[in-house]
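The values are calculated or read from the model by the stated rules, or taken from the named source; none is laboratory data. Everything quoted here is computed from the prediction, not taken from an experiment. Methodologically, a virtual Cβ is constructed for each residue, glycine included, from the backbone with ideal geometry; neighbour enumeration extends over all protein chains shown.
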Amino acid sequence: MRILMDGAEWKPRESSVPVEHAALLETLKVEALAQGRVLLQLSVDGSEIDEEGFRTLQGGLELRCTTCPVRDLVRDSLRQARDFFPALLRGVEGIADRLEQGKTQEALQLLQQATEGIGWILHVLQNCRLLLGMTQEDQESGTIQTDCIRLQGLLENISESLEQERFFELAFRLREELLPLLRRLERYAEQYLTTAEEGVQ
């Protein structure tokens with residue numbers, strides 16, 4: 001299989017190139033990362049394909065890989081997270097309002113969406129912290145790990161309140177416990193974005 005990386009013929013550092021697609025993909029990722037880049041897009045014989053599809057693909061004559069600098073990916077992800085936070089915070093406030101107004105079904109549907117959004121935020125922050133090489137000492141106050149553990153425990157408590165239909169208690173937890181934690185995560189996102197934009201490792 002012919003392999004092009006950002007339009008140029010790929011020249012592997014090792015003499016042997018894995019034939020099996022899953023192993024080849026991991027090799028490409030490692031070599032891209034060694035150059036401070038990450039894989040963004042794959043296409044086989046002119047058709048775009050995701051990583052899972054490539055792992056299970058049989059055959060193929062030409063693989064084209066598009067990469068970007070790690071810091072660009074981190075910066076773009078953190079900007080998306082920063083822009084998402086205001087809507088998330090307003091959404092949680094709105095869920096608490098609906099619970100207190102007895103609009104339970106509507107509130108629960110929105111809560112599911114908010115939970116998915118929180119999961120995405122956590123994924124972005126944790127990955128970006130690692131890619132930026134940030135340590136606990138780099139953070140102004142507290143640690144993101146501690147807050148993530150607290151958040152996971154809180155989400156479990158929220159699930160219990162839901163199961164037992166204690167909706168006013170749930171509204172209280174959203175306002176007094178979840179929102180402050182999310183505001184802390186918002187500060188982490190701003191701090192990480194500042195680091196990424198300054199180009200400081």
Checklist line | Enumeration of residues in segment 1-34 that are of a type in the set (S, T, N, Q) and either closer than 16 Å to residue 64 by Cα or modelled with pLDDT of 90 or more (or both) | finding: 27
Item checked: Count of residues meeting criterion [in a strand (DSSP E or B) and either free of Cβ contacts under 8 Å to residues at least 12 places away in the same chain or hydrophobic (A, V, I, L, M, F, W, C) (or both)] in segment 19-66 -> 10
Check: Mind checking which pairs have a first residue in segment 94-108 that is part of a helix (DSSP H, G or I) and a second that is surrounded by 14 or more Cβ atoms within 10 Å (Cβ to Cβ) and among the β-branched types (Val, Ile, Thr), Cβ under 9 Å, 6 or more apart or different chains?
Finding: 98/104; 106/95; 107/95; 108/95
Check: Which one of the conditions (1) among the hydroxyl-bearing types (Ser, Thr, Tyr); (2) in a helix (DSSP H, G or I); (3) crowded, with 18+ Cβ neighbours inside 10 Å does residue 115 fail to meet, given that it meets all the rest?
Finding: (3)
Note to self: So, in segment 70-108, exactly how many residues are farther than 23 Å from residue 161 by Cβ and surrounded by 16 or more Cβ atoms within 10 Å (Cβ to Cβ)?
What the structure shows: 10
Next item on the list: Take the residues in segment 55-69 that are among the charged types (D, E, K, R) and closer than 19 Å to residue 9 by Cα, then tell me which one is surrounded by the most Cβ atoms within 10 Å (Cβ to Cβ).
Entry: 64
Note to self: Step by step: first the residues of segment 158-173, then only those that are at pLDDT 85 or above and not charged (D, E, K, R), then the one that is nearest to residue 129 (Cα to Cα). Which residue is that?
What the structure shows: 158
